[in-house]
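**Q** Sharing a structure with you now.
The values are calculated or read from the model by the stated rules, or taken from the named source; none is laboratory data. As the structure is a prediction and not an experimental result, all values here were calculated from the model. FYI the Cβ positions are ideal-geometry reconstructions off the backbone, even for glycines, and counts take in every protein chain you see.
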Amino acid sequence: MAGEKGNIFKRAWTAVADFFDERFDMRRVVSEFAGHNVPAHVNWLYCFGGITFLAFLIQALTGILLAFYYQPTIDQAYSSVLHIMEDVPFGVFIRSLHAWTANIMILMVILHMLRVFFHAAYRPPRELNWMTGVILFFTTVTFGFSGYLLPMNQLSYWATKVGSEIAGSMPFVGSEIQTFLLGGTKIADATLSRFYAIHVIILPIAISVLLGLHFLMVRKQGIADPL
Amino acid sequence: MQMADQTQRNQDSHQEGGVPFFPDHFIKEMSVVALVLAIVSFLATLMPMPMGAPADPLKTPVGIKPEWYFLTVYQILKYVPRNIGIAFTFLIFPPFLMLFPLFYNSVITRFKYGRLILHTAGALGVITAIFFTMLAYLGFE
């Protein structure tokens with residue numbers, strides 16, 4: 001219960017903490033989350049995964065802000081991004097932050113994977129976390145590919161055209177995948193709707209679930225011993 | 001059973017040596033957060049994303065390249081038959097990358113230099129990827 005000692009802030013904090021502790025056993029939950037020690041061998045090479053997560057948070061925030069103004073149709077897409085760039089307060093900054101952080105995020109995923117690979121941190125019992133991580137890598141790259149089309153500039157159009165042709169030359173299922181991606185035979189409104197749905201609904205749900213699993217497994221299994 | 005012991009041992013080792021996650025490690029993490037926020041804000045302010053010309057299906061731009069993380073695949077596809085390159089990139093490489101840790105105990109550590117060979121192969125893969133990315137960046141055909 002709230003103590004008699006301490007200044008008003010400390011007593012208020014204790015009262016709030018007690019409130020949640022009595023109802024949800026919060027002190028135990030918090031101490032399980034943050035009460036552990038970090039092994040002594042952890043050095044700066046271990047920060048890439050965390051930076052990837054930070055980049056994801058920046059992408060979620062700036063992405064939501066961009067979604068307020070962006071229009072996913074062939075007619076409106078380019079002009080709505082132009083509107084963001086020219087009229088919306090801090091629009092240039094938010095869009096540039098989103099684009100730069102996308103690149104940083106992919107770079108950090110790659111560096112994180114290399115760190116885990118060369119420390120052999122994937123070795124049993126952590127194989128499943130490595131597998132989740134590989135799926136997260138491909139999810140992140142797909143984020144990049146789907147987001148690239150959305151501004152509907154020359155780069156967007158031709159990168160998507162070339163990319164979908166490459167997917168289309170996959171053995172056996174190529175043409176089906178290409179038709180599914182484009183929503184037809186060429187880049188049109190259907191393509192933009194699909195890429196937008198993939199970019200702002202499907203992939204965010206997928207990455208959130210995968211990140212949850214990834215972090216739960218790290219907390220349960222701990223950081224791998226050095227080789 | 002052995003695996004459960006290993007997991008338990010890892011959890012125990014966290015409680016013994018090392019530094020407390022909070023506040024010691026957490027302060028370091030927050031300083032990295034501040035640094036990353038500073039770097040991306042710096043980049044976004046000084047090098048804002050250009051708008052580019054609107055998409056025009058009738059006008060193919062010259063010398064366009066995919067984003068840097070696709071350059072390795074893009075460059076390799078210039079040298080190998082497309083369906084073989086695609087099959088490797090989408091159907092062979094991802095499952096291999098995902099599943100190789102399953103064979104760590106049964107195959108990789110069975111040989112004396114198993115892990116050395118695996119890591120050398122990995123390092124060669126990284127060097128190859130950087131090499132092809134540079135070739136693509138410089139526009140080699």
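**Q** With the requirement that a residue be closer than 22 Å to B:Pro23 by Cβ and without any contact (Cβ under 8 Å) to a residue 12 or more places away in the chain, what does region A:12-31 give you?
**A** Scanning region A:12-31 gives A:Ala12, A:Trp13, A:Val16, A:Ala17, A:Phe20, A:Asp21, A:Met26, A:Arg27, A:Arg28, A:Val29, A:Val30, A:Ser31.
**Q** Still on this structure, I have one more. Please pick out the residue among A:Gly91, A:Gly50 that is under 22 Å from B:Leu37 (Cα atoms) and more than 9 Å from chain B (Cβ to nearest Cβ).
**A** Being under 22 Å from B:Leu37 (Cα atoms) and more than 9 Å from chain B (Cβ to nearest Cβ) holds for just one of A:Gly91, A:Gly50, which is A:Gly91.
**Q** So which of A:Arg219, A:Arg194 is more than 13 Å from chain B (Cβ to nearest Cβ) and of a type in the set (Lys, Arg)?
**A** Only one candidate passes the filter, namely A:Arg194.
**Q** Name every residue in region A:200-224 that is touching a residue at least 60 places away in the same chain (Cβ under 8 Å) and over 17 Å from A:Gly49 (Cβ atoms), in order of residue number.
**A** Within region A:200-224, A:Val200, A:Leu203, A:Pro204, A:Ala206 qualify.
Results for (1) in the same structural domain as B:Gly139 (by TED's automatic domain parsing); (2) in contact with a strand residue (DSSP E or B) (Cβ under 7 Å, 6 or more places away or on another chain); (3) among the hydrophobic types (A, V, I, L, M, F, W, C), shown as yes or no for each residue.
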| position | (1), (2), (3) |
| --- | --- |
| B:Asp56 | no, no, no |
| B:Trp68 | yes, no, yes |
| B:Leu71 | yes, no, yes |
| B:Gln75 | yes, no, no |
| B:Asn83 | yes, no, no |
| B:Ile86 | yes, no, yes |
| B:Phe93 | yes, no, yes |
| B:Leu97 | yes, no, yes |
| B:Pro101 | yes, no, no |
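**Q** Still on this structure, I have one more. For region A:124-150, which residues satisfy the criterion of being more than 7 Å from every other protein chain (Cβ to nearest Cβ), farther than 10 Å from A:Phe195 by Cβ and not in a helix (DSSP H, G or I)?
**A** A:Arg126
**Q** How about region A:151-161: which of its residues are more than 7 Å from every other protein chain (Cβ to nearest Cβ) and surrounded by fewer than 22 Cβ atoms within 10 Å (Cβ to Cβ)?
**A** Passing the criteria: only A:Lys161.
**Q** Taking only region B:60-76 into account, find how many residues are surrounded by 17 or more Cβ atoms within 10 Å (Cβ to Cβ), at the interface with chain A (Cβ under 7 Å from one of its Cβ atoms) and either touching a residue at least 40 places away in the same chain (Cβ under 8 Å) or under 20 Å from A:Gly168 (Cβ atoms) (or both).
**A** 2
**Q** Please verify whether region A:45-57 includes one or more residues that are touching a strand residue (DSSP E or B) at 6+ places or on another chain (Cβ under 9 Å) and free of Cβ contacts under 8 Å to residues at least 24 places away in the same chain.
**A** No; the residues of region A:45-57 include none that is touching a strand residue (DSSP E or B) at 6+ places or on another chain (Cβ under 9 Å) and free of Cβ contacts under 8 Å to residues at least 24 places away in the same chain.
**Q** Return only the number of the condition from (1) among the hydrophobic types (A, V, I, L, M, F, W, C); (2) buried (at least 21 other Cβ atoms within 10 Å of the Cβ); (3) more than 30 Å from A:Leu192 (Cα to Cα) that A:Leu114 does not satisfy.
**A** Just one mismatch for A:Leu114, condition (2).
**Q** Next question, about the same structure. What are the pairs, 6+ residues apart or on separate chains, where a residue within region B:22-50 that is within 9 Å of chain A (Cβ to nearest Cβ) has its Cβ under 6 Å from a residue that is not in a helix (DSSP H, G or I)?
**A** B:His25/A:Val38; B:His25/B:Val19
**Q** Can you tell me which residue is nearest to B:Pro57 (Cα to Cα) among those in region A:53-88 that are more than 10 Å from every other protein chain (Cβ to nearest Cβ) and of a type in the set (Asp, Glu)?
**A** Checking each candidate, the answer is A:Asp75.
**Q** Between a first residue in region B:100-126 that is within 19 Å of A:Met131 (Cα to Cα) and a second residue that is of a type in the set (Gly, Ala, Ser) and assigned to a helix (DSSP H, G or I), which pairs have beta carbons less than 9 Å apart while being 6 or more apart in sequence or on different chains?
**A** Filtered contacts from region B:100-126: B:Tyr104/B:Gly114; B:Val107/B:Gly114; B:Ile108/B:Gly114.
**Q** Could you list, in sequence order, the residues of region B:73-99 that are of a type in the set (S, T, N, Q) and either over 16 Å from the mean Cα position of the chain (by Cα) or over 26 Å from A:Asn129 (Cα atoms) (or both)?
**A** Residues satisfying the conditions are B:Gln75, B:Asn83.
**Q** Take the residues in region B:96-126 that are polar (S, T, N, Q) and surrounded by fewer than 14 Cβ atoms within 10 Å (Cβ to Cβ); name whichever of them is farthest from A:Phe118 (Cα to Cα).
**A** Among those residues, the one meeting the criterion is B:Ser106.
**Q** Still on this structure: Is one or more of the residues making up region A:196-208 surrounded by 17 or more Cβ atoms within 10 Å (Cβ to Cβ) and over 14 Å from the mean Cα position of the chain (by Cα)? Can you show your working first?
**A** Looking only at region A:196-208, we keep the residues that are surrounded by 17 or more Cβ atoms within 10 Å (Cβ to Cβ), and these are A:196, A:198-200, A:203-204, A:207.
Restricting the remaining residues to those that are over 14 Å from the mean Cα position of the chain (by Cα) gives A:196.
For region A:196-208, residues surrounded by 17 or more Cβ atoms within 10 Å (Cβ to Cβ) and over 14 Å from the mean Cα position of the chain (by Cα): present.
**Q** Within region A:16-100, considering only helices (runs of 4 or more DSSP H) that don't extend past its boundaries, which have at least 3 residues that are surrounded by 15 or more Cβ atoms within 10 Å (Cβ to Cβ) and more than 22 Å from the chain's Cα centre (by Cα)? Steps first, answer last, please.
**A** Values: elements: A:26-34, A:48-67, A:77-86.
So the answer is A:77-86.
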